[in-house]
Amino acid sequence: APTLTPTPSPTAPPAPRSTPRPTAAPAAVTPGAAVLDFYDAAAAHDWDRAISRWSDRMQRNYPPGEWLIGRFSRTTRIAITRLRTTALDAPRGTATVAVTLVEYRTVEPSPRTFSGAWGLVRVDGRWLLDEPHF
């Protein structure tokens, strides 16, 4: 009589692992990328990421609860219409980025247009927003 070999029971494939979300924004390669990432985070209400784009000095002079969360909590979208690095001193780790943006909000006035510039500093290889000029 033939010998029967038991067939293993099928097993469910392992569930895919979710990729953990980084706790800090990745290093921006350019000052302009840091400004873009800041406004992207602010529009998405990703406060931790937006705050991580501010230098320590910026956070001391402009407390994020008021100047970031309070300021952008009713923002639904930000469209950058102009972005240009107007000054870059790589050895000193400073830069200036001119920006024009249109902000859309859940309250009036909306939309609103702003033009100005950001002073940035490079800290530990990351460009951080250091001083607003609006």
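Yes or no, residue by residue, for (1) open to solvent by less than 40 Å² (accessible area, probe 1.4 Å); (2) modelled with pLDDT of 95 or more:
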residue	(1), (2)
PRO8	no, no
ALA25	yes, no
SER73	no, yes
ARG84	no, yes
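Is it the case that ALA43 is in contact with a helix residue (DSSP H, G or I) (Cβ under 9 Å, 6 or more places away or on another chain), surrounded by 12 or more Cβ atoms within 10 Å (Cβ to Cβ) and at pLDDT below 95? Considered against the rule, which asks whether it is in contact with a helix residue (DSSP H, G or I) (Cβ under 9 Å, 6 or more places away or on another chain), surrounded by 12 or more Cβ atoms within 10 Å (Cβ to Cβ) and at pLDDT below 95, ALA43 comes out as no. Looking at region 64-90 only, could you name the residues that are free of Cβ contacts under 8 Å to residues at least 40 places away in the same chain and more than 22 Å from ARG112 (Cβ to Cβ)? THR86, ALA87, ASP89, ALA90, listed by residue number. Tell me, please, whether a residue that is hydrophobic (A, V, I, L, M, F, W, C), open to solvent by 60 Å² or more (accessible area, probe 1.4 Å) and farther than 14 Å from ASP37 by Cα can be found in region 90-112. Taking every residue of region 90-112 in turn, none turns out to be hydrophobic (A, V, I, L, M, F, W, C), open to solvent by 60 Å² or more (accessible area, probe 1.4 Å) and farther than 14 Å from ASP37 by Cα. Annotation note: Cβ proximity below 9 Å between a residue of region 122-134 that is at positive phi and a residue that is among the small types (Gly, Ala, Ser) and outside any strand (DSSP E or B) (sequence gap 6+ or interchain) occurs for ASP124/ALA27; GLY125/ALA27.
The values are calculated or read from the model by the stated rules, or taken from the named source; none is laboratory data. Quick caveat, the model's predicted, so the values are computed rather than measured. Using ideal geometry, Cβ is built from the backbone for each residue, glycine included, and neighbour counts are taken over all protein chains shown. Heavy atoms of the whole protein, side chains included, go into the accessibility calculation; ligands, DNA and RNA do not. Shrake-Rupley method; radii C 1.70, N 1.55, O 1.52, S 1.80 Å.
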